[in-house]
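Engineer: The structure is given below, and queries will be raised subsequently.
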Amino acid sequence: MRPIAGEGTPEGTWRAWSAPDRWPALPLDPPGPPLVVAPHPDDEILGVAGLMSVLGSADLAAVTDGEASHPGSFVHTPEELAAIRRAETDEALRRLRIDGTVFRLGQADGAIDEDRLAADLTKLLTPGRWCLVTWRGDGHPDHEAAGRAAARACAETGARLLEYPIWTWHWAYPDDPDVPWQRARRIDLPPAAQAAKAAAIAAFPSQIEPLGPAEADAAILPPHVLARFARPFEVIFE
Ligand SMILES: [Zn+2]
């Protein structure tokens, strides 16, 4: 666990780093639609919307409904937030124009049951199937729990584990020794996929805009955070 606080590493610092130019491209040869595992609604979009757009099909395992994004909100109850965020995911996937099924696993935001998640994912995975999930070292407890559960399900089924960083871009820095950069693979996004990803991210107003004027209703993904997900490439750890 790492602190996710403050402004984090500016996107300009990442853009000035030359190492990603040398990371190998991920060969885009999945045996079928991948399974994308999202601890919270929007993780799948921030992490791999471009990849999903390029592939044209993917199933989504939505682990929680993200009802804990604004504890103490003066505007929405957790139940309202869950409904809003489920609808935002549906709209984002519609904007990506991908075929696939959303499996809503109904876990509690902030308290993922790893054993139950590993069992649920095992039922959805098959040998060789790509399983994209938040990286086990990403620094958010739900992201790390989802990564660990998916790793277990992949070991059990022979599916292929591909981990995507989200909050890593916030707390880490170029050449950070705590990040497995040697396992990084890049997915270069054609302009249409970049545009589709931007449109999909814009489908989450509950996260990218304040819900109201109180501090408890501040945007979770303000512009300096979103800047990290506007790159012309995505990154996974092989
Ligand atoms: Zn998340």
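The values are calculated or read from the model by the stated rules, or taken from the named source; none is laboratory data. Note that the structure is a prediction, hence the values are computed from the model and not measured. Reconstructed Cβ throughout: ideal geometry from the backbone, glycine too, with neighbour counts over all protein chains shown.
Engineer: Between 215, 163, which is over 20 Å from residue 37 (Cα atoms) and either modelled with pLDDT of 95 or more or among the charged types (D, E, K, R) (or both)?
Structural biologist: Answer to the check: 215.
Engineer: Name the residues in region 87-116 that are within 15 Å of the chain's Cα centre (by Cα) and farther than 20 Å from residue 33 by Cβ, would you?
Structural biologist: If the condition is that a residue be within 15 Å of the chain's Cα centre (by Cα) and farther than 20 Å from residue 33 by Cβ, then 88, 109 are the ones that fit.
Engineer: Considering each residue of region 217-235, count those that are hydrophobic (A, V, I, L, M, F, W, C) and loosely packed, with under 13 Cβ neighbours inside 10 Å, and give that number.
Structural biologist: 1
Engineer: Moving to a separate point now. Residues that are under 19 Å from residue 180 (Cα atoms), surrounded by fewer than 16 Cβ atoms within 10 Å (Cβ to Cβ) and either among the hydroxyl-bearing types (Ser, Thr, Tyr) or at pLDDT 95 or above (or both): does region 28-42 have at least one?
Structural biologist: Checked against the condition, which is being under 19 Å from residue 180 (Cα atoms), surrounded by fewer than 16 Cβ atoms within 10 Å (Cβ to Cβ) and either among the hydroxyl-bearing types (Ser, Thr, Tyr) or at pLDDT 95 or above (or both), region 28-42 yields no hits at all.
Engineer: Moving on. Of the residues 154, 131, which is assigned to a helix (DSSP H, G or I), crowded, with 17+ Cβ neighbours inside 10 Å and of a type outside the set (Ser, Thr, Tyr)?
Structural biologist: 154
Engineer: Please name all residue pairs, on different chains or six or more residues apart, with Cβ atoms under 7 Å, provided the first residue is in region 117-138 and is more than 24 Å from residue 184 (Cα to Cα) and the second residue is within 16 Å of the ligand (Cβ to nearest atom) and in a strand (DSSP E or B).
Structural biologist: What qualifies is 117/63; 117/105; 117/107; 120/105; 124/61.
Engineer: Only residues in region 31-46 that are of a type in the set (A, V, I, L, M) count as the first member; pair them with residues that are within 11 Å of the ligand (Cβ to nearest atom) and at pLDDT below 95, Cβ under 8 angstrom, at least 6 apart or cross-chain, and list the lot.
Structural biologist: Qualifying pairs under 8 Å: 46/221.
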